Amino acid sequence: MSEPAPKKPKISASRRLFLKTKILKKASTLLAEEKEQKKTDREQTLSERVPPLQLSGISVQDLQNLCKELHQKIDVVDEERYDVESKVAKNEKEIADLNYKIFELKGKMKRPALKRVRVSADAMLGALLGAKHKESIDFKANLKTVKKEEEKKEEVTDWRKNVDAMSGMEGRKKMFAGPNA
């Protein structure tokens, strides 16, 4: 048997290339728009949270105090970031553990090749019911026996003898005379 020929794509190569370039152009424009949006968002949040610095006319002491405040704010943000990172790491680990459990429950784990062993019914019951079950159970004793009604059967003999007996004039006489003849 030979392998079937690979199916040709329904779209021509030039059409496929055109569509790929169109998708790439659209993706590049979306990427540029996203970068611009992030830049404007960053500027907006900075203007809201951090007032513009006015360093002219500030004494050295005020500048040092300003630096200390900024360092404290940076430390607070770093602690928050660390807390968030630890929560994310904990959640990712939990997700990985749950995925592994799901994988196990589905039975996708590779099982070792086991030898087939014939086990008697008594041994299976012993395994299911525990070590305390040692007596054998007679399953046939619990089954009800059903007696078939014996039908009236005519003696079945070899059909060839029957054909020989019915052939000729004697057979016709027997058939017309009935079974008592």
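The values are calculated or read from the model by the stated rules, or taken from the named source; none is laboratory data. The structure displayed is predicted, hence computed values, not measured ones. Counting neighbours? That spans all protein chains shown, and the Cβs are built from the backbone with ideal geometry, glycine included. Each accessible area value is taken on the protein alone, full model and side chains, heavy atoms only, with ligands, DNA and RNA left out. Shrake-Rupley method; radii C 1.70, N 1.55, O 1.52, S 1.80 Å.
Any idea which residue in the range 57-80 is most open to solvent (accessible area, probe 1.4 Å), counting only those that are in a helix (DSSP H, G or I) and among the aliphatic types (A, V, I, L, M)?
60
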>> For the range 60-101, which positions are among the acidic types (Asp, Glu) and under 23 Å from residue 49 (Cβ atoms)?
In response: 62, 69, 75, 78, 79, 80, 83, 85
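Does the range 98-122 hold any residues that are outside any loop (DSSP other than H, G, I, E, B) and either touching a Leu at 6+ places or on another chain (Cβ under 9 Å) or at pLDDT 75 or above (or both), and which are they?
Keep residues of the range 98-122 that are outside any loop (DSSP other than H, G, I, E, B), which gives 98-106, 121-122.
Passing the criteria: 98, 99, 100, 101, 102, 103, 104, 105, 106.
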